[in-house]
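**Student:** Please read through the structure below; I'll follow up with questions.
The values are calculated or read from the model by the stated rules, or taken from the named source; none is laboratory data. The model shown is predicted, which means the values in this text are computed figures rather than measured ones. Counting neighbours? That spans all protein chains shown, and the Cβs are built from the backbone with ideal geometry, glycine included.
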Amino acid sequence: MHDSGTGASSGSYGNFEIMPLLCPGGFDTCATSLEAREIFRKNNTDDASPGYFSLTLDNEIQMEATSTRRAGLERFTFPKKSKPYFVLDLANDLPGSFAGGTMNIDPDNGRITLGGLWGSSWGPGRFNYQAFACYDLLNGGNQSLDEFGVWTADTNGLDAKGLGLTQLNFTRNLIGGVYQSGALFSFKNEPQEVTIRVGISFKSAEQACSNAENEVGDSSFDEIVAQSKALWNEKLSKIELDMVNTPRNVTEMLYSSLYRSFLTPNNATDETQGPFEDTTAFYFDSLYCSWDTFRTFYPLMSLHSPVEFSQIVDSYIDAFRVRGWMPECRANHLPGYTQGGSSGDVIVGHFAMTYHDEAAQLGIDLEELYSAMLADANNTPPNWDIEGREADAYNQFGYVPFSALVTSSVGRQTREGSRTLEYAFEDFAIRQVALLMNKSEDVNTFTQRSLSYRNVWDPNVKSDGFQGFAQKRLMNGTFVFSDPIWCSPQDNSTTRSCSLQDDNTNGFYESSSWEYSWFVPHDTAHLIELMGGNATFVDRLDHFFEAGYYQAGNEPSFQTPIGYHYANHPTLSVDRVRDVVFENFDITPAGIPGNDDQAAMATLLVFHLLGLYPGTSAFFFDMDYHNNKNALVPGSTELLVLSPFTPKYTIHNSFLNISTTVTTQGFDSRSVQQTIPKNVAAYVKSVKINGVATPSRCHIDFYDVFKTGGDVVIEVTADKASVDNCGGSLPESVSTGGFASAR
C-alpha cells in the first residue's frame, strides 16, 4: 500500500501501517501516537533486494517484509527476554486523508480486520477511495496473542487506550484535526521472532483475508521471499546485460531503474470499486501521471512487455467507457489533476502504432481505442482539471487562450502555453492513429491541430541573446509576456508559483519558457527554422544546458539532450547524454534527480544507458523522406541512436518470442564518464541490423529491430569529426514530409 517515487511530498497510500514496540511498563505505557513512537533506524542496517526489505531500529528490533501481489508477510525479531508489542494503524495514511472507517479484533482467531475511506494525494480532497486489510497474528498456531485492545490519539494530548476493546467505528471528522487510531496487542511467552500475515483489498475486508489465504496461505517467510525473487528475476531478465564487461555502476543503475519500472502502475484487476466496480476490463491504478510516463516509461515497456502494456491500455480505454474520457492521473478509481492535458492519447496511440497487428490478440479494439482518443480531443469534460482537455477553447482558437470566457465547463485557467504545446503533441498522436486506420479526413484535421504549437510562438521575445519563445495569448491573439527564465532554476524569485496554483501566471507547468519551448518532438525541423536555423539551434541548445535552464528531473527536458540529432550533429548528443547521466544519476541514495515520478526518471536513464531514445516520444512510422533534396530513404519507426554505456545487451520479448541483441563494436569503457576523453571511441560510425547497414546512423526502426529480433551492431569511433552527421536522413518531422504513412 505505497506508491514509490511520486511527486506529492507525502506520497500516497501507506495505509495499515504496523509498528513493533517495546513497552517495559505494559500495555498502557505503549507509545501509540505517531509522534510518540517515532524512532530512528540504525545506520547501515537497510538490506533490500527485489521481494525483500529489512532494517533495524535503534531499539534493536529488526523488521523484515516480503510480499505477493495483494498480500505479504512481516517478520520481526525482538531483543531477547522482551515482550513483543505492536501498534496497528486504522486512521493513518501518508497524506493524512482518513475519512472514516472501522476495525474489528477477533482475539480467538487472532485476526484483525480494518478498512475505511481515504483520499488521493494528487487530486481533489472531496474524492475518496476505500481500502481494507486483514492481519493474521498467530502464524499458523505458532504464536499466542496476549493483551489486545484499541487506542486513539491526536496531536493535542489525547492518548487513550482500551484494553480488551475490540472495535473502532469512525465517521469522517467534519471539524478537522488529526485522527489517529488503531489496535494495540502483544504476544505471550516473549517470542524473539514474530511473523504476521497481511492481506489487502480495495473491495472488502473479506476479500483482503481471502487474498492472504490464497496468496500466502501457510507458506513461510523464506518461501514467499523465494517466490517473489523468482518473479522478479523473470521481470528483470527482460533486459540481459553483459555484466562481465559493463562498468559496475552502469549495471547497478540499469537494473535498479528497470526494477522501479515494474513497480507501477499497480495491477488492481479484480479489486475495482466505485464506477469501475466489477468491470470485466483489466484495471490499473497509480497512474501518477500520464504526463510523466508517456515519454519513456511506455516506450520502454513496448520493447519487452506488450502483454502488460496492452492490459494498461485496456484500463485506459475502460475509463473512456465508464467516464467518457481516458484518465490522466489516477489512484484507485479517483481522478487526479491533469498536468499537460490528455496524455493518455500518446500512450494508447503508441500501443496502436507498435502493436496494431497484434491488437486483437492482445484484447484491444482499435476502433474503440480511436474513439477514446477522439473523445479526449473533441469533448470538453465538465471539469478539465481532472480529465480531458479545455477542448472547446483550444479547438476554436488554435491555442489555449489566457483569460478565456468559458461558460460550459470549469478548470483552472493557467498553463496556457504548456497546455497548448502538449495538446498539439497529443493531436499528433491522434493523427498517427487516424493515418493507421485510413481516416483521411481526420488525418488532415489533426495534422493541422498538431501544428498548433506555432500559434503560441512569439518571435519577438528575446532572452540571453536568443529570439523567439513560446508565450501565452489572449483570445484576441495578443501575446502576454512571460520572461523565459521565470520558473527556471535561474529564477531568483522565491514566491513565484509555477505548478497548479491559481496564481501561476507564468503560462507554463513546472517549467520555464526556456525549457518548454523545445517541446515540439513531432516537428523539430520547423522548430529549428523558428529558432533561426541549425547553427543558432545548436548554440541555443548549448546555452540551455550551460546557463542552467535544463532540469534533468523535469519531463519536458527529457528529449532536449538528444536535440542535436535534428540539427545533424549526433556526436553532440552523445557528449550531452554522457554529461547528463553522470551529473544527475549515480548509485548513491541521492542518485535520482528528484522524484522518480512512477519510473519516469528510471526509464529515461535506462534508455540513455542502452544508447537509444524513443524518437517523437516513441511513435514509429514508415514514410518517404526528403532531406535537403537527397534521394528517398526508406522510413523508420523511429528510435534515435546514441552511444551505449555497455558493450552488449539483449532485450527479450516473450510475447513475440524474439530477442534483440545490441553490440557496441569498439566499445571502450573509458568513454563511460561525464566527459569523453580525446581519442576514446564513443561516437557512432555505423549501424548494422542483421548484417545490413542502415541508411542513417541517427535512427533505427522499431519494426526492423524490436519487432523481428536479431542483431544490431553499433560501431563506435574516436574520430568525432568524421561522424558528426547522420550520414543519411535526419529524424523525422511533420513539416519535412515525415510520418507520411503508418507501417
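**Student:** Hey, ASP3 hits all of (1) among the acidic types (Asp, Glu); (2) modelled with pLDDT of 95 or more; (3) closer than 26 Å to ASN332 by Cβ but one; which does it fall short on?
**Tutor:** (2)
**Student:** Another question, then. Within the stretch 533-564, restricting attention to residues that are β-branched (Val, Ile, Thr) and touching a helix residue (DSSP H, G or I) at 6+ places or on another chain (Cβ under 6 Å), which residue is nearest to LEU612 (Cα to Cα)?
**Tutor:** Let us first name the residues in the stretch 533-564 that are β-branched (Val, Ile, Thr), namely 536, 538, 560, 562.
The next check asks that each one be touching a helix residue (DSSP H, G or I) at 6+ places or on another chain (Cβ under 6 Å); those that pass are 538, 562.
Values: VAL538: 20, ILE562: 10 Å.
This residue is ILE562.
Let's see how each residue does on (1) surrounded by fewer than 24 Cβ atoms within 10 Å (Cβ to Cβ); (2) among the hydrophobic types (A, V, I, L, M, F, W, C); (3) out of contact with any strand residue (DSSP E or B) (no Cβ under 8 Å at 6 or more places or on another chain):
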| site | (1), (2), (3) |
| --- | --- |
| ARG412 | yes, no, yes |
| PHE425 | no, yes, yes |
| ILE430 | no, yes, yes |
| VAL433 | no, yes, yes |
| ASN438 | yes, no, yes |
| GLU441 | yes, no, yes |
| THR445 | yes, no, yes |
| LEU451 | yes, yes, yes |
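**Student:** Continuing with the same structure: Residues to consider are VAL705, VAL687, VAL712, VAL723; find the one that is within 27 Å of the chain's Cα centre (by Cα) and not assigned by TED's automatic domain parsing to the domain that holds PRO306.
**Tutor:** Values: VAL687 fails: within 27 Å of the chain's Cα centre (by Cα); VAL712 fails: within 27 Å of the chain's Cα centre (by Cα); VAL723 fails: within 27 Å of the chain's Cα centre (by Cα).
Testing whether each residue is within 27 Å of the chain's Cα centre (by Cα) and not assigned by TED's automatic domain parsing to the domain that holds PRO306 leaves just VAL705.
**Student:** Something else now. Would it be correct to say that ALA36 is farther than 30 Å from GLU206 by Cα, assigned to a loop (DSSP other than H, G, I, E, B) and aliphatic (A, V, I, L, M)?
**Tutor:** Working: farther than 30 Å from GLU206 by Cα: yes; assigned to a loop (DSSP other than H, G, I, E, B): yes; aliphatic (A, V, I, L, M): yes.
So ALA36 passes the test.
Listed here are the residues, each with its yes/no results for (1) of a type in the set (Ser, Thr, Tyr); (2) closer than 14 Å to ALA91 by Cα.
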| residue | (1), (2) |
| --- | --- |
| PHE127 | no, no |
| TYR135 | yes, no |
| ASN142 | no, no |
| TRP151 | no, yes |
| THR155 | yes, yes |
| PHE170 | no, yes |
| SER181 | yes, yes |
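**Student:** Another one. Among the residues of the stretch 571-597, write down those that are in contact with an Asp or Glu (Cβ under 7 Å, 6 or more places away or on another chain) and within 25 Å of ILE528 (Cα to Cα).
**Tutor:** The first filter runs over the stretch 571-597 and keeps only residues in contact with an Asp or Glu (Cβ under 7 Å, 6 or more places away or on another chain), leaving 571, 587, 597.
The answer is THR571, and nothing else.
**Student:** Take SER54 and decide whether it is surrounded by fewer than 18 Cβ atoms within 10 Å (Cβ to Cβ) and either free of Cβ contacts under 8 Å to residues at least 24 places away in the same chain or not assigned by TED's automatic domain parsing to the domain that holds GLN227 (or both). Even if it seems obvious, please write down each step before you answer.
**Tutor:** Values: surrounded by fewer than 18 Cβ atoms within 10 Å (Cβ to Cβ): yes; either free of Cβ contacts under 8 Å to residues at least 24 places away in the same chain or not assigned by TED's automatic domain parsing to the domain that holds GLN227 (or both): yes.
For SER54, the condition - surrounded by fewer than 18 Cβ atoms within 10 Å (Cβ to Cβ) and either free of Cβ contacts under 8 Å to residues at least 24 places away in the same chain or not assigned by TED's automatic domain parsing to the domain that holds GLN227 (or both) - is met.
**Student:** Condition first: over 21 Å from GLY101 (Cβ atoms) and buried (at least 17 other Cβ atoms within 10 Å of the Cβ). Now tell me which residues in the stretch 139-176 satisfy that.
**Tutor:** Scanning the stretch 139-176 gives ASN139, GLN143, LEU145, GLU147.
**Student:** If we keep just the residues of the stretch 242-297 that are more than 15 Å from ILE312 (Cβ to Cβ) and of a type in the set (A, V, I, L, M, F, W, C), which is surrounded by the most Cβ atoms within 10 Å (Cβ to Cβ)?
**Tutor:** TRP291
**Student:** Let me ask something additional. Quick one: which residue in SER286, SER290 is touching a strand residue (DSSP E or B) at 6+ places or on another chain (Cβ under 7 Å) and assigned by TED's automatic domain parsing to the domain that holds ALA331?
**Tutor:** SER286
**Student:** Somewhere in the stretch 646-669, is a residue farther than 30 Å from VAL443 by Cα, aromatic (Phe, Trp, Tyr), in a strand (DSSP E or B) and touching a helix residue (DSSP H, G or I) at 6+ places or on another chain (Cβ under 6 Å)?
**Tutor:** No.
**Student:** Could you tell me how many of the residues in the stretch 695-724 are part of a loop (DSSP other than H, G, I, E, B), of a type in the set (S, T, N, Q) and at pLDDT 95 or above?
**Tutor:** Number of matching residues: 1.
**Student:** In addition: Are there any pairs, at least 6 apart or on different chains, whose C-beta atoms fall under 9 Å, with the first in the stretch 215-244 and closer than 14 Å to PRO50 by Cα and the second aliphatic (A, V, I, L, M) and surrounded by 15 or more Cβ atoms within 10 Å (Cβ to Cβ), and if so, which?
**Tutor:** ILE224/ALA71; ILE224/LEU73; ILE224/VAL216; VAL225/LEU73; LYS235/LEU258; LEU236/LEU258
**Student:** What's the total number of residues in the stretch 531-584 that are assigned to a helix (DSSP H, G or I) and on the phi > 0 side of the Ramachandran plot?
**Tutor:** The initial filter retains those residues of the stretch 531-584 that are assigned to a helix (DSSP H, G or I), namely 531, 534-546, 555-557, 560-567, 570-584.
Those left that are additionally on the phi > 0 side of the Ramachandran plot: none.
Matching residues across the stretch 531-584 total 0.
**Student:** In the stretch 489-499, is there at least one residue being assigned to a loop (DSSP other than H, G, I, E, B), touching a residue at least 60 places away in the same chain (Cβ under 8 Å), touching a Gly at 6+ places or on another chain (Cβ under 9 Å) and surrounded by fewer than 23 Cβ atoms within 10 Å (Cβ to Cβ)? Step through it out loud before you land on a result.
**Tutor:** Kept after step one, since they are assigned to a loop (DSSP other than H, G, I, E, B), are these residues of the stretch 489-499: 489-499.
Still in the list and also touching a residue at least 60 places away in the same chain (Cβ under 8 Å): 489.
Now narrow it down to the ones that are touching a Gly at 6+ places or on another chain (Cβ under 9 Å): 489.
Applying the additional criterion that residues be surrounded by fewer than 23 Cβ atoms within 10 Å (Cβ to Cβ) yields 489.
So far as the stretch 489-499 goes, yes, one or more of its residues are assigned to a loop (DSSP other than H, G, I, E, B), touching a residue at least 60 places away in the same chain (Cβ under 8 Å), touching a Gly at 6+ places or on another chain (Cβ under 9 Å) and surrounded by fewer than 23 Cβ atoms within 10 Å (Cβ to Cβ).
**Student:** Please determine whether any residue of the stretch 288-308 is more than 12 Å from the chain's Cα centre (by Cα) and polar (S, T, N, Q). Write out each step before concluding.
**Tutor:** First, the residues of the stretch 288-308 that are more than 12 Å from the chain's Cα centre (by Cα): 302-308.
Retained after the next criterion (residues that are polar (S, T, N, Q)): 302, 305.
Within the stretch 288-308, one or more residues are more than 12 Å from the chain's Cα centre (by Cα) and polar (S, T, N, Q).
**Student:** Of all residues in the stretch 380-409 being of a type in the set (Val, Ile, Thr) and closer than 20 Å to PRO124 by Cβ, which is modelled with the lowest pLDDT? Give the steps one after another, and end with the answer.
**Tutor:** At the first step, the residues of the stretch 380-409 found to be of a type in the set (Val, Ile, Thr) are 380, 386, 400, 406-407.
If we keep only those that are closer than 20 Å to PRO124 by Cβ as well, we get 380, 386, 406.
Details: THR380: 97, ILE386: 96, VAL406: 90.
For the stretch 380-409, the residue satisfying everything is VAL406.
**Student:** Any residue in the stretch 706-722 that is under 12 Å from ILE689 (Cβ atoms) sitting within a Cβ distance under 7 Å of a residue that is buried (at least 18 other Cβ atoms within 10 Å of the Cβ) and of a type in the set (Gly, Ala, Ser)? List the pairs, counting only those 6 or more apart or interchain.
**Tutor:** Cβ pairs passing all conditions: ILE714/GLY611.
**Student:** With the condition kept exactly as written, say whether any residue in the stretch 674-687 is surrounded by fewer than 16 Cβ atoms within 10 Å (Cβ to Cβ), at pLDDT 95 or above and not in a loop (DSSP other than H, G, I, E, B).
**Tutor:** Yes, there is a match, as at least one residue in the stretch 674-687 is surrounded by fewer than 16 Cβ atoms within 10 Å (Cβ to Cβ), at pLDDT 95 or above and not in a loop (DSSP other than H, G, I, E, B).
**Student:** So, one more: For the stretch 78-195, give me every one of the strands (runs of 3 or more DSSP E) that falls completely inside it and has 1 or more residues that are touching a residue at least 12 places away in the same chain (Cβ under 8 Å) and closer than 26 Å to ASP58 by Cα. Give the steps one after another, and end with the answer.
**Tutor:** Details: elements: 84-89, 101-106, 111-118, 129-136, 145-153, 159-163, 167-170, 180-187.
The strands (runs of 3 or more DSSP E) meeting that bar are 84-89, 129-136, 145-153, 159-163, 180-187.
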